[in-house]
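Input: a single structure, listed below in structure tokens.
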Amino acid sequence: MKPLTLLTLLWLAVFPHADVMPIAAAPGETENVQREASEWRAERRLIDLHQHVNYTEVHLAHATRIMDAVGIGVGVNLSGGTVTRKGSLLSEFERNKALADRLFENRFLNYMNLDYSAWDEPDFSAQAVKQVEEGFRLGAAGLKEFKRLGLYLRDKNEVLIKVDDPKLDPVWRRCGELGMPVSIHVADPKAFWLPYDESNERWTELKDHRSWWFGDSEEFPPHAELLAALNRVIQRHRETTFVCVHFANNAEDLDWVEQALDRYPNMMADLAARIPEIGRHDPERVRRLFIKHQDRIFFATDFQVYQRLTLGSGGSGRSPTDQDAKLFFAKHWRWLETNDRDFEHMTPIQGDWKISAIGLPASVLRKIYFENARKLLARSLPSPPNR
């Protein structure tokens, strides 16, 4: 254990119950952190907990080339598909997992997705539980739920299916019993509920994605209502691990995120596509939060490979290149590992502002980059190297 510095002793004397020092890492320490993190990337130890890669040989190969170049060892593909079979044909999930495993063994983990087509049938809950059990049998690493609950999915009467609908409780419960984590997307950035015009700070993104605007109160519930519904689900299912994506679905409100993590020990948060938003906050405030909940935060990017690359978000502009993808990941390293201030973030379409880095200690970065994911996905991951 390193001896306490005079500055640390002074801080503890003034704030004896503080969890961490609120100061950024010293320059020399930052260099050591970057050196160690570079070694992890050279060994491809990092795990990206939030990717969407099309299941074709071309797209999986493209994703793997970029992962190799930037030091990602495992990509968690959240778009694995459903396990529903049609006749004697293999399910979408079976075909997708088989292809990824055959072409790139141990490079991708695959999450299953729920099939809601039988929602209006009286035994939907039982059918859905069987889907989860079949996904588990087939090797699904977890269950991914998209933001369709509360926003897009509707029953036969055109009523929105709520996030906390009791018909889904058996699904969440069974995931907990099987040890399958649930990565769940609820709501979206708060700006998507604000006026759909040039006054909206996310206008560049929204004008290319009209379906992402939820400001019509006659059609969509309020942002806070969706988050509250998810929290009720998390509260009801304490034995199930919920990875609340996009920094707990509420990156604009750090106090809310911290209080939710404090309140629900089975709630986790991934970073996917939200560093541009988190990075706007006071970096010392962010750093304290990350250190406080270092066991509950996962490195994740929302990196997508289809006909074109998507780096956190995209629009109608030029298609990103592989070099753009490398810079996209490099800015993640810069934000997490350095103390740099006021630099351009990694997804410009998400907003015209700059971010400031949080300079995390190596011991915390290890957890965020790969150790937390290894614990979460221990059932599905290959054994780690002995180092």
### Summary
By residue number, the members of the stretch 294-307 that are acidic (Asp, Glu) and buried (at least 19 other Cβ atoms within 10 Å of the Cβ) are ASP302
### Query
Taking strands (runs of 3 or more DSSP E) that fall entirely within the stretch 218-314, which contain at least 3 residues that are more than 22 Å from ASN372 (Cβ to Cβ)?
309-311
### Message
Checking the condition within 23 Å of LEU254 (Cβ to Cβ) and either in contact with a Phe, Trp or Tyr (Cβ under 9 Å, 6 or more places away or on another chain) or surrounded by fewer than 17 Cβ atoms within 10 Å (Cβ to Cβ) (or both), which residue from ILE275, ILE291 passes?
### Response
ILE275
### Query
Name the residues in the stretch 184-206 that are without any contact (Cβ under 8 Å) to a residue 12 or more places away in the chain and over 15 Å from GLY314 (Cα atoms), would you?
ASP197, GLU198, SER199, ASN200
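Yes or no, residue by residue, for (1) touching a strand residue (DSSP E or B) at 6+ places or on another chain (Cβ under 9 Å); (2) under 30 Å from ARG137 (Cβ atoms):
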{"site": "ASP208", "(1), (2)": "no, no"}
{"site": "PRO222", "(1), (2)": "no, no"}
{"site": "LEU230", "(1), (2)": "yes, yes"}
{"site": "LEU261", "(1), (2)": "yes, no"}
### Message
Show the residue pairs meeting these rules: Cβ distance below 6 Å; 6+ apart or different chains; first residue within the stretch 52-65 and closer than 22 Å to THR82 by Cα; second residue of a type outside the set (A, V, I, L, M, F, W, C) and not in a helix (DSSP H, G or I).
### Response
HIS52/SER79; HIS52/GLN304; VAL53/ASN77; ASN54/TYR306
### Message
Within the stretch 92-109, does at least one residue satisfy the condition of being touching a Lys or Arg at 6+ places or on another chain (Cβ under 6 Å), assigned to a loop (DSSP other than H, G, I, E, B) and not hydrophobic (A, V, I, L, M, F, W, C)?
### Response
no
### Query
Consider ASN249 against the criteria (1) free of Cβ contacts under 8 Å to residues at least 40 places away in the same chain; (2) on the phi > 0 side of the Ramachandran plot: it satisfies all of them except one. Which criterion is unmet?
(1)
### Query
Of the residues VAL163, VAL132, VAL159, which is modelled with pLDDT of 95 or more and within 20 Å of the chain's Cα centre (by Cα)?
VAL163
### Query
Failed condition for ILE278, given (1) at pLDDT 95 or above; (2) over 18 Å from the mean Cα position of the chain (by Cα), with all others met?
(2)
#### Entry: Test: residue in the stretch 372-382 that is free of Cβ contacts under 8 Å to residues at least 40 places away in the same chain and more than 19 Å from the chain's Cα centre (by Cα)
no
### Query
If you scan the stretch 308-343, which residues turn out to be surrounded by fewer than 21 Cβ atoms within 10 Å (Cβ to Cβ), over 21 Å from the mean Cα position of the chain (by Cα) and touching a residue at least 24 places away in the same chain (Cβ under 8 Å)?
SER316, GLY317, ASP322, ASN339, ARG341
### Query
Which one of GLY142, GLY176, GLY135, GLY150 is of a type in the set (Gly, Ala, Ser), in contact (Cβ under 8 Å) with a residue 24 or more places away in the chain, more than 30 Å from MET67 (Cα to Cα) and in contact with a strand residue (DSSP E or B) (Cβ under 8 Å, 6 or more places away or on another chain)?
GLY150
### Query
Considering LEU168, LEU149, which residue is of a type in the set (A, V, I, L, M, F, W, C), in a loop (DSSP other than H, G, I, E, B) and either more than 20 Å from the chain's Cα centre (by Cα) or closer than 24 Å to GLU225 by Cβ (or both)?
LEU149
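The values are calculated or read from the model by the stated rules, or taken from the named source; none is laboratory data. Bear in mind that the values here come from a model prediction, so they are computed numbers and not experimental data. Here the Cβ is made from the backbone with ideal geometry for all residues, glycine too, and neighbour counts use every protein chain on show.
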